Amino acid sequence: MHMNQKERLRHDWTRAELFAIYNKPLLELVYEAASVHRKWHNPEEVQISTLLSVKTGGCPEDCSYCGQAARYHTDIKVQALLPTETVLTHARKAKENGSSRFCMAAAWREVRDNRDFDRIIDMVKGVNDIGLEVCCTLGMLTESQAKRLQEAGLYAYNHNLDTSEEYYDEIISTRTFNNRINTINNVRKAGITVCSGGIIGLGETVADRIAMLLTLATMELHPESVPINALARVKGTPLENNPKVDIWDMVRMIATARIAMPASIVRLSAGRVEMNETEQAWCFMAGANSIFSGERETLLVTPNPGMSDDMTMFARLGLKPKVCQTT
Ligand code: SF4
């Protein structure tokens, strides 16, 4: 990336501008996003992340989309923190399979300064030594915890906004939108890159979607990675009967994120299993340049395409996995 391009990043987007972009005639929108994408990224490359749930279920939070919240009656099996060696075995496998980023997720409300956190620190060091970009998503984080993770070699921290500030209370009551922003700020202060995006299909309006993108696109530094998720409807959660997300809504979200935050990686995340290859191709055309994939065919607790299906799709579309930046 050239320095003069960096200077052209905008952090002063307005709601009206993003709204106008999102609502453009679809083909115009995709054309514009695809053009921006080609100025900032190699359109043949898609970065592959592998996500491993290192501690599953039993979460005290009440995120109404999530099958891991203890209070909902879902089929998800609770799993205590995995042994470090098990996690490192998965990480080696992910690297062999072409992943460049390994993301470890724990269903915690927040990080506590206890032995489990010490183990996470060991996992971060171990995955870093394998030569993968290490990402964690562990809930809320203080500045000193973020610093410890950074010193262990953490490359990125995921903390999604989920939805707009206005709609947040409808989806989660156990924490606030401001808690989210504070954790993101703590991650930034520690010098870790930020992965933050959201989910559509929660019952939000287009105005909520725009508000969420506006929060991200007006940050002093755009998140380096912006996951756009379509709700994966988990049986037993309050949102299990929500309608399936329309593919064109996903395409519009991805395209708007791409135009507003041109240097960021835009990740086509949850919900991919319900999209066919043509629909996914539209998402790549709209500027998505990252996916989650792996041997396990799950994304935390919901189904996801496996690596071999994804490699077949990449071959057909002429895409290739992006090589890790840290090696
Ligand atoms: S999304 Fe995260 S914080 Fe919310 S219930 Fe699920 S595991 Fe807990």
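Report whether or not Leu221 is assigned to a helix (DSSP H, G or I) and over 21 Å from Asp62 (Cα atoms).
Numbers: assigned to a helix (DSSP H, G or I): no; over 21 Å from Asp62 (Cα atoms): yes.
Against the criterion (assigned to a helix (DSSP H, G or I) and over 21 Å from Asp62 (Cα atoms)), Leu221 does not qualify.
Which one of these does Val111 not meet: (1) within 16 Å of the ligand (Cβ to nearest atom); (2) surrounded by fewer than 22 Cβ atoms within 10 Å (Cβ to Cβ); (3) within 26 Å of Ala230 (Cα to Cα)?
(3)
What's the total number of residues in region 188-212 that are not in a strand (DSSP E or B) and not small (Gly, Ala, Ser)? Walk me through it before giving the result.
Within region 188-212, the first condition is being not in a strand (DSSP E or B), and the residues that meet it are 188-192, 196-197, 201-212.
Keeping just the survivors that are not small (Gly, Ala, Ser) gives 188-189, 192, 202, 204-206, 208-210, 212.
The number of residues fulfilling the criteria is 11.
Out of everything in region 259-295 that is in contact with a Pro (Cβ under 7 Å, 6 or more places away or on another chain) and in a helix (DSSP H, G or I), what residue ends up being modelled with the lowest pLDDT?
Taking region 259-295 as the starting set, the residues that turn out to be in contact with a Pro (Cβ under 7 Å, 6 or more places away or on another chain) are 264, 267, 269, 272-273, 293.
Remaining after also requiring in a helix (DSSP H, G or I): 272-273.
Working: Arg272: 86, Val273: 83.
So, considering only residues that are in contact with a Pro (Cβ under 7 Å, 6 or more places away or on another chain) and in a helix (DSSP H, G or I), the one modelled with the lowest pLDDT is Val273.
If you go through region 117-127 one residue at a time, do you hit one that is away from the ligand (no atom under 16 Å from the Cβ), crowded, with 24+ Cβ neighbours inside 10 Å, in contact (Cβ under 8 Å) with a residue 40 or more places away in the chain and within 21 Å of Val226 (Cα to Cα)?
no
Pull out all pairs, ordered by first then second residue, where Cβ-Cβ is under 6 Å, the residues are six or more apart or on different chains, the first lies in region 67-79 and is touching a residue at least 24 places away in the same chain (Cβ under 8 Å), and the second is near the ligand (Cβ under 9 Å from one of its atoms) and not in a loop (DSSP other than H, G, I, E, B).
Gln68/Cys59; Ala69/Cys59; Gln79/Thr56
Select, from Pro60, Pro25, the only residue that is farther than 23 Å from Phe292 by Cα, within 16 Å of the ligand (Cβ to nearest atom) and either surrounded by fewer than 17 Cβ atoms within 10 Å (Cβ to Cβ) or among the aromatic types (Phe, Trp, Tyr) (or both).
Numbers: Pro25 fails: within 16 Å of the ligand (Cβ to nearest atom).
Every option except Pro60 fails the conditions.
From Ala105, Ala80, Ala70, grab the single residue that is near the ligand (Cβ under 9 Å from one of its atoms) and surrounded by fewer than 18 Cβ atoms within 10 Å (Cβ to Cβ). Lay out the reasoning, then the answer.
Details: Ala105 fails: surrounded by fewer than 18 Cβ atoms within 10 Å (Cβ to Cβ); Ala80 fails: near the ligand (Cβ under 9 Å from one of its atoms).
Selected residue: Ala70, the only one of Ala105, Ala80, Ala70 that is near the ligand (Cβ under 9 Å from one of its atoms) and surrounded by fewer than 18 Cβ atoms within 10 Å (Cβ to Cβ).
Checking the structure you have, find out if any residue of region 15-26 is over 30 Å from Thr89 (Cα atoms), touching a Ser or Thr at 6+ places or on another chain (Cβ under 8 Å) and not β-branched (Val, Ile, Thr).
Keep residues of region 15-26 that are over 30 Å from Thr89 (Cα atoms), which gives 15-26.
Now restrict to residues that are touching a Ser or Thr at 6+ places or on another chain (Cβ under 8 Å): 18, 21-22.
Still in the list and also not β-branched (Val, Ile, Thr): 18, 22.
Checked against the condition, which is being over 30 Å from Thr89 (Cα atoms), touching a Ser or Thr at 6+ places or on another chain (Cβ under 8 Å) and not β-branched (Val, Ile, Thr), region 15-26 yields at least one hit.
Can you tell me which residue is farthest from the ligand (Cβ to nearest atom) among those in region 174-185 that are among the polar types (S, T, N, Q) and touching a Phe, Trp or Tyr at 6+ places or on another chain (Cβ under 9 Å)? First the steps, then the outcome.
If we filter region 174-185 for residues that are among the polar types (S, T, N, Q), which is where we start, we get 174, 176, 178-179, 182-183, 185.
Next, only the ones that are touching a Phe, Trp or Tyr at 6+ places or on another chain (Cβ under 9 Å) stay: 176, 183.
Values: Thr176: 13, Thr183: 11 Å.
The qualifying residue farthest from the ligand (Cβ to nearest atom) is Thr176.
Filter region 134-173 down to the residues that are closer than 24 Å to Gln68 by Cβ and among the charged types (D, E, K, R), then identify the one that is nearest to the ligand (Cβ to nearest atom).
Selected residue: Asp162.
Hey, among the residues in region 250-273 that are within 21 Å of Pro303 (Cα to Cα) and charged (D, E, K, R), which one's surrounded by the most Cβ atoms within 10 Å (Cβ to Cβ)?
Arg267
Would you say Arg38 is away from the ligand (no atom under 13 Å from the Cβ) and either without any contact (Cβ under 8 Å) to a residue 24 or more places away in the chain or within 30 Å of Gly318 (Cβ to Cβ) (or both)?
Numbers: away from the ligand (no atom under 13 Å from the Cβ): yes; either without any contact (Cβ under 8 Å) to a residue 24 or more places away in the chain or within 30 Å of Gly318 (Cβ to Cβ) (or both): yes.
The answer is yes for Arg38.
In this structure, does Gly131 turn out to be more than 16 Å from the ligand (Cβ to nearest atom), surrounded by fewer than 19 Cβ atoms within 10 Å (Cβ to Cβ) and either among the basic types (Lys, Arg) or in contact (Cβ under 8 Å) with a residue 40 or more places away in the chain (or both)? Steps first, answer last, please.
Numbers: more than 16 Å from the ligand (Cβ to nearest atom): yes; surrounded by fewer than 19 Cβ atoms within 10 Å (Cβ to Cβ): yes; either among the basic types (Lys, Arg) or in contact (Cβ under 8 Å) with a residue 40 or more places away in the chain (or both): yes.
Yes, satisfied.
Pairs under 6 Å by beta carbon, first residue under 17 Å from Val301 (Cβ atoms) and assigned to a strand (DSSP E or B) in region 44-60, partner of a type in the set (A, V, I, L, M, F, W, C) and away from the ligand (no atom under 16 Å from the Cβ), six or more apart or different chains?
Cβ pairs passing all conditions: Thr50/Ala94; Thr50/Phe102; Val54/Val87.
The values are calculated or read from the model by the stated rules, or taken from the named source; none is laboratory data. Note that the structure is predicted; figures quoted are calculated from it, not measured. Cβ coordinates were reconstructed from backbone atoms using ideal geometry, including for glycine residues, and neighbour counts include every protein chain displayed.
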